[in-house]
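**Q** The structure is given below, and queries will be raised subsequently.
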Amino acid sequence: MLAIFLKTLPFFAVICLGYCAGRSQFFNQQATAYLTKFVFYFALSAMLFRFSSAMSLGEIFDGSFVLAYFLGTLVVYTLATAVALWRQKPMAEAAIEAQCAVIGNVGFLGIPMLILLLGPKAVGPVMLVLAVDLIFFGSLVVMLVTGSRGGQAGFAMFATSAAGLVKNPMIVSISLGLCWSALSLPIPAPLNDFVTILGGAATPGALFAIGASLAFKSAERLEVAAWLSFCKLILHPACVAFSAFVVFSVERYSAGVMVAAAALPVAGNVYIISQHYGVAPQRVSASILISTGISIVTLSVVIALIGAGLVPGQNPS
């Protein structure tokens with residue numbers, strides 16, 4: 001347990017550094033926004049392209065994995081939605097709270113951390129988790145929010161969701177990498193060096209950007225934020241673990257990576273969605289802040305619990 005905590009500590013130390021830079025205004029909100037754009041559109045995309053171009057779709061896709069993650073996530077999503085509706089919140093707010101309960105920071109925190117901690121084999125499972133989050137649950141929240149407001153309906157709503165996916169650089173970079181791999185095209189040395197150098201900025205840049213963005217988050221609506229953080233950090237990985245290990249009997253390593261990904265704190269893109277639609281941004285902000293802080297401990301515990309047997313020679317104690 002201590003060994004895992006010490007391995008995760010440097011990641012959170014970079015987040016803390018970014019937070020301090022943001023709080024001191026040395027790195028202001030505008031600078032944070034531009035750093036986030038650089039990581040999202042360039043560095044992280046280069047990293048994902050490099051990984052996916054070295055793999056085939058057959059190596060990545062696993063139907064039982066997708067179903068296990070989807071089922072475990074759907075259970076928590078439904079619970080969070082039901083609790084919000086029980087509190088007499090409108091469907092738009094219930095949908096945003098449900099996003100907080102299940103959508104983790106896979107892109108900025110999960111990809112660099114889990115690959116380094118659990119090994120390069122974690123790339124495929126993490127990509128599948130990211131795909132389910134973006135393609136299904138990312139589209140679902142748009143449909144629920146817009147539909148509850150009597151806005152777009154039918155084809156227009158699906159078109160909006162599809163356009164968002166097509167414009168998402170993570171989806172684009174993974175797709176391009178898999179297409180490159182399917183065509184069996186060798187990556188020229190200059191291109192490989194280019195994406196390696198650019199992708200190398202993804203880990204420190206993403207972690208620093210997370211911390212700096214947290215400096216501008218508010219800690220309001222603490223009771224609800226604490227509940228949503230509990231859903232994300234405890235209930236989500238627990239339900240996903242039951243679904244993966246018991247219901248679908250997913251291969252042990254992939255199941256472990258899936259559970260670790262489910263244990264990640266609330267993703268920053270949930271705040272972007274809530275702010276765009278004007279639905280409970282303070283609630284989401286507090287959930288991101290609280291879940292990220294607590295995940296320093298909970299994520300280490302989860303990785304320690306699943307770590308034995310996943311990484312050869314690793315001792316979780």
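The values are calculated or read from the model by the stated rules, or taken from the named source; none is laboratory data. Everything numeric here is computed off the predicted structure, so don't read it as measured data. Note: ideal-geometry Cβ built from the backbone for every residue, glycine included; neighbour counts use all protein chains shown.
**Q** Suppose we filter segment 270-279 for residues that are touching a helix residue (DSSP H, G or I) at 6+ places or on another chain (Cβ under 8 Å) and within 18 Å of residue 214 (Cβ to Cβ); how many remain?
**A** The total comes to 5.
**Q** Also: Report yes if residue 129 is touching a residue at least 12 places away in the same chain (Cβ under 8 Å), under 13 Å from the mean Cα position of the chain (by Cα) and either under 14 Å from residue 257 (Cα atoms) or surrounded by fewer than 21 Cβ atoms within 10 Å (Cβ to Cβ) (or both), otherwise no.
**A** Working: touching a residue at least 12 places away in the same chain (Cβ under 8 Å): yes; under 13 Å from the mean Cα position of the chain (by Cα): yes; either under 14 Å from residue 257 (Cα atoms) or surrounded by fewer than 21 Cβ atoms within 10 Å (Cβ to Cβ) (or both): yes.
Against the criterion (touching a residue at least 12 places away in the same chain (Cβ under 8 Å), under 13 Å from the mean Cα position of the chain (by Cα) and either under 14 Å from residue 257 (Cα atoms) or surrounded by fewer than 21 Cβ atoms within 10 Å (Cβ to Cβ) (or both)), residue 129 qualifies.
**Q** So residue 105 passes all but one of these: (1) farther than 20 Å from residue 237 by Cα; (2) in contact with a strand residue (DSSP E or B) (Cβ under 9 Å, 6 or more places away or on another chain); (3) of a type in the set (S, T, N, Q). Which condition number does it fail?
**A** Among (1) farther than 20 Å from residue 237 by Cα; (2) in contact with a strand residue (DSSP E or B) (Cβ under 9 Å, 6 or more places away or on another chain); (3) of a type in the set (S, T, N, Q), residue 105 violates only (1).
**Q** Does residue 52 count as within 21 Å of the chain's Cα centre (by Cα), of a type in the set (S, T, N, Q), surrounded by 22 or more Cβ atoms within 10 Å (Cβ to Cβ) and at pLDDT 90 or above? Steps first, answer last, please.
**A** Values: within 21 Å of the chain's Cα centre (by Cα): yes; of a type in the set (S, T, N, Q): yes; surrounded by 22 or more Cβ atoms within 10 Å (Cβ to Cβ): yes; at pLDDT 90 or above: no.
When the stated conditions are applied, residue 52 does not pass them.
**Q** Residues 290, 273, 234, 303: which one is surrounded by fewer than 20 Cβ atoms within 10 Å (Cβ to Cβ) and either outside any loop (DSSP other than H, G, I, E, B) or β-branched (Val, Ile, Thr) (or both)?
**A** From the options 290, 273, 234, 303, the qualifying one is 234.
**Q** Also, quick follow-up: Quick check on segment 211-240: of everything there that is of a type in the set (Gly, Ala, Ser) and more than 17 Å from the chain's Cα centre (by Cα), which residue is nearest to residue 13 (Cα to Cα)?
**A** 212
**Q** Also, I was wondering about something else. Condition test on residue 93, is it over 17 Å from the mean Cα position of the chain (by Cα) and in a helix (DSSP H, G or I)?
**A** Against the criterion (over 17 Å from the mean Cα position of the chain (by Cα) and in a helix (DSSP H, G or I)), residue 93 qualifies.
**Q** On to the next question. Name every residue in segment 216-231 that is of a type outside the set (Ser, Thr, Tyr) and either assigned to a helix (DSSP H, G or I) or in contact with a Cys (Cβ under 8 Å, 6 or more places away or on another chain) (or both), in order of residue number.
**A** 222, 223, 224, 225, 226, 227, 228, 230, 231
**Q** Find the residue count for segment 94-137, including only residues that are of a type in the set (D, E, K, R) and modelled with pLDDT of 95 or more.
**A** Of the residues in segment 94-137, 1 are of a type in the set (D, E, K, R) and modelled with pLDDT of 95 or more.
**Q** From the residues in segment 263-312 that are under 24 Å from residue 121 (Cβ atoms) and of a type in the set (Ser, Thr, Tyr), which one is modelled with the lowest pLDDT?
**A** 300
**Q** Determine whether segment 23-38 contains at least one residue that is of a type in the set (D, E, K, R), loosely packed, with under 14 Cβ neighbours inside 10 Å and under 17 Å from the mean Cα position of the chain (by Cα).
**A** Yes: segment 23-38 contains one or more residues that are of a type in the set (D, E, K, R), loosely packed, with under 14 Cβ neighbours inside 10 Å and under 17 Å from the mean Cα position of the chain (by Cα).
**Q** Exactly one of these conditions fails for residue 209: (1) modelled with pLDDT of 85 or more; (2) among the hydrophobic types (A, V, I, L, M, F, W, C); (3) in contact with a helix residue (DSSP H, G or I) (Cβ under 8 Å, 6 or more places away or on another chain); (4) surrounded by fewer than 19 Cβ atoms within 10 Å (Cβ to Cβ). Give me its number.
**A** Every condition holds for residue 209 apart from (4).
**Q** Where the second residue is of a type in the set (S, T, N, Q) and in a helix (DSSP H, G or I) and the first is more than 9 Å from residue 225 (Cβ to Cβ) and lies in segment 274-290, which pairs have Cβ atoms under 7 Å and are six or more apart or on separate chains?
**A** Note: pairs meeting the criteria are 280/274; 281/274; 281/275.
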